[in-house]
1. Which residue out of Thr86, Thr112 is hydroxyl-bearing (Ser, Thr, Tyr) and in contact with a Phe, Trp or Tyr (Cβ under 6 Å, 6 or more places away or on another chain)?
2. Of everything in region 62-75, what is within 20 Å of Ala90 (Cβ to Cβ) and surrounded by fewer than 17 Cβ atoms within 10 Å (Cβ to Cβ)? Give them in sequence order.
3. Identify, please: which residue in region 104-156 is surrounded by fewer than 16 Cβ atoms within 10 Å (Cβ to Cβ) and among the hydroxyl-bearing types (Ser, Thr, Tyr) and is, among those, farthest from Thr86 (Cα to Cα)?
4. Please pick out the residue among Ala88, Ala102 that is under 10 Å from Val18 (Cβ atoms) and without any contact (Cβ under 8 Å) to a residue 24 or more places away in the chain.
5. In region 1-29, which residue that is in a helix (DSSP H, G or I) and not small (Gly, Ala, Ser) is farthest from Glu105 (Cα to Cα)?
6. Which of the following residues is out of contact with any Leu (no Cβ under 8 Å at 6 or more places or on another chain), on the phi < 0 side of the Ramachandran plot and not hydroxyl-bearing (Ser, Thr, Tyr): Asp110, Asp151, Asp129?
7. Go through region 13-53 and give me each residue that's charged (D, E, K, R) and free of Cβ contacts under 8 Å to residues at least 40 places away in the same chain.
8. Which of the following residues is of a type in the set (A, V, I, L, M, F, W, C), surrounded by 20 or more Cβ atoms within 10 Å (Cβ to Cβ) and closer than 21 Å to Phe108 by Cβ: Ile49, Ile38?
Amino acid sequence: MKDFPVCFRLEGHRVLVVGGGAVAEGKIRSLVAAGAVIRVIAPEVTGSITALAAAGMLELLQRPFQAGDVAGHRLVFTATDDRNVTQAAALEAKQANVFLNAADEPDFCDFTLPSVGRQGLFTVAVSTDGAAPAVAARVRRRLMKELSVVDLGRVRLSDTLRRHLKRTPLRTAVLRWVATFASSSRGIP
């Protein structure tokens, strides 16, 4: 089965994270940056997760996962070493028609997470359909090194043009020219 790549806009959407360790913390940091409304459920959490809760960046329920916890969420992430907890959350998510990602449990996943790098308006995401996350991370780091100041400038220019020019054939042509110029200056067809 092949993944369908997509970039979610989670600002203002409720997301549940079940688990409070280092893996959960990494996902939580990305969700905070995306502007998600986050609820974390875990009996124990890292100091950083506690600090994020104290700063009002997430809701923290320090207790085990229980039936009904998935209700009202758009996405669910599990990052726990307890397969039974992951399985219970996955079953509830399926019944509620909510997408779930389970760290290191691909059988329970409705979606996988790519290795992501960000620079300026660029987001580089590399996926191996969950088969080899470490390989994806290595390739992503290599691709990020390839981004130039010129690439970043052209993306900012395209963004400005898209927001300020009316949707016309001329706008389309200008945007294509910016993209083509970006490629041809590096000898790429």
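The values are calculated or read from the model by the stated rules, or taken from the named source; none is laboratory data. Keep in mind the model is a prediction, meaning the values are calculated, not measured. Here Cβ is always computed from backbone atoms with ideal geometry, including for glycine, and neighbour counts include all displayed protein chains.
1. Every option except Thr86 fails the conditions.
2. Arg63, Pro64, Gln66, Ala67, Gly68, Ala71, Gly72, Arg74
3. Ser148
4. Working: Ala102 fails: without any contact (Cβ under 8 Å) to a residue 24 or more places away in the chain.
Going through Ala88, Ala102 in turn, just one is under 10 Å from Val18 (Cβ atoms) and without any contact (Cβ under 8 Å) to a residue 24 or more places away in the chain: Ala88.
5. First pass over region 1-29, keeping only residues in a helix (DSSP H, G or I): 22-29.
Filter once more, keeping what is not small (Gly, Ala, Ser): 23, 25, 27-29.
Values: Val23: 13, Glu25: 17, Lys27: 15, Ile28: 18, Arg29: 21 Å.
This residue is Arg29.
6. Numbers: Asp110 fails: out of contact with any Leu (no Cβ under 8 Å at 6 or more places or on another chain); Asp129 fails: on the phi < 0 side of the Ramachandran plot.
After applying the criteria, what remains is Asp151.
7. Once the filter is applied, which keeps residues that are charged (D, E, K, R) and free of Cβ contacts under 8 Å to residues at least 40 places away in the same chain, region 13-53 yields Glu25, Arg29, Arg39, Glu44.
8. Ile38
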